[in-house]
1. Looking at 23, 59, which is the one that is part of a strand (DSSP E or B), at pLDDT 90 or above and surrounded by fewer than 15 Cβ atoms within 10 Å (Cβ to Cβ)?
2. If only one of 173, 177, 185 is at pLDDT below 90 and either in a strand (DSSP E or B) or under 14 Å from the mean Cα position of the chain (by Cα) (or both), which one is it?
3. When you go through 77, 71, 101 one by one, which is the residue that is modelled with pLDDT under 95 and either under 25 Å from residue 130 (Cα atoms) or surrounded by fewer than 13 Cβ atoms within 10 Å (Cβ to Cβ) (or both)?
4. Here's a check for you: in segment 188-215, which residue that is modelled with pLDDT under 80 and in a strand (DSSP E or B) is nearest to residue 123 (Cα to Cα)?
């Protein structure tokens, strides 16, 4: 019954405001350069709403990243906290190969403004949004499917400026800065030293830039993101040093 009511609500909403909503979905890849280098498969979607009488539009955008390959871990640059010796929990061999897999996601909701009412004129388009980003790294081996995992969640505000150039192929160039107001870092696994509380010692800005090419119902975009992930220290856990993830990505988009 609830499902039918939800369908009826969406049918009425989109039927009444069909000229105000626009939806698109995308597929693409990212190349994560973090502790290791790894390729992910990306899925994204965005819905926008604009009142024809206003110079601003509201947008909601979602994106998920999932690894399509594992990357070897350099044991010389990564140190585990060894557990107590028991019959069921033996330390890893120093020669055992370890692999890392990455995944992540992001969500954004905000406003974007048109600085010119002329549809066929080039124009600046500032934006302001609430932004959330998560990224994780899981360590495994041939013997153990799950050894250790490091996760970051960043939530805050993003502000940017874009420039739109209309034509047969529309071009949109945008740069954004992301200020995390809240960070959550966790490290857990089968080894001791799991942090119950994490202290973030750094809180640097993060940056994004993209260029979009849209023609008709199809689009292509190239994006690059620089994530500055803060260091974590806790006397009861392994210390995580500050790191930076550089993520270039591409997306192929279809507009409904």
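1. 23
2. 185
3. Going through 77, 71, 101 in turn, just one is modelled with pLDDT under 95 and either under 25 Å from residue 130 (Cα atoms) or surrounded by fewer than 13 Cβ atoms within 10 Å (Cβ to Cβ) (or both): 77.
4. Looking at residues that are modelled with pLDDT under 80 and in a strand (DSSP E or B), I get 200.
The values are calculated or read from the model by the stated rules, or taken from the named source; none is laboratory data. The structure displayed is predicted, hence computed values, not measured ones. Quick reminder, even Gly has a Cβ in these numbers, built from the backbone with ideal geometry, and neighbours come from all protein chains shown.
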